[in-house]
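J.: Questions regarding the structure given below will be posed in turn.
The values are calculated or read from the model by the stated rules, or taken from the named source; none is laboratory data. Please read these numbers as outputs of a predicted model, since none were measured by experiment. Please note: Cβ atoms are built from the backbone with ideal geometry, for glycine as well, and neighbour counts cover all protein chains shown.
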Amino acid sequence: MNARKIILAGFVALAALAIAGCGESEVTVYKQGKYQGKPDTRPYDDDPSQALYTTSTWTKGDRASWEAAMRQRVANQNEYNRIGAHGG
């Protein structure tokens, strides 16, 4: 008797999963020339204090200062520059 209850419960769970998998979600339809997602912002328009994984600082809205901060960040990630083994 106990094995029958386990088998029956298994079939009920399987049927519930099968029915749940048949649901249809709404799909966004692409219309030619119309972007329907969130508009992108320029990276230098972001507030530097809101940047999560960087210690770079730049002036909000100033592309030149943002580019300088990114160049400095890349230079700091260069192992040859960090250890001083630049062949000099």
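J.: Within the range 6-33, count every residue that is more than 23 Å from the chain's Cα centre (by Cα) and at pLDDT below 80. Talk me through it step by step, then tell me what you get.
T.: In the first step, residues of the range 6-33 are kept if they are more than 23 Å from the chain's Cα centre (by Cα); the result is 6-24, 31-33.
So of that shortlist, the ones also at pLDDT below 80 come out as 16-24, 31-33.
Of the residues in the range 6-33, 12 are more than 23 Å from the chain's Cα centre (by Cα) and at pLDDT below 80.
J.: Which residue pairs have Cβ atoms closer than 8 Å, lie 6 or more positions apart in sequence or on different chains, and pair a first residue in the range 59-85 that is at positive phi with a second residue that is in a helix (DSSP H, G or I) and charged (D, E, K, R)?
T.: 61/45
A quick yes/no check of all residues on (1) modelled with pLDDT of 70 or more; (2) over 21 Å from the mean Cα position of the chain (by Cα); (3) among the polar types (S, T, N, Q); (4) in a helix (DSSP H, G or I):
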{"position": "44", "(1), (2), (3), (4)": "yes, no, no, yes"}
{"position": "49", "(1), (2), (3), (4)": "yes, no, yes, yes"}
{"position": "54", "(1), (2), (3), (4)": "no, no, yes, no"}
{"position": "60", "(1), (2), (3), (4)": "yes, yes, no, no"}
{"position": "70", "(1), (2), (3), (4)": "yes, no, no, yes"}
{"position": "73", "(1), (2), (3), (4)": "yes, no, no, yes"}
{"position": "81", "(1), (2), (3), (4)": "yes, yes, yes, yes"}
{"position": "86", "(1), (2), (3), (4)": "no, yes, no, no"}
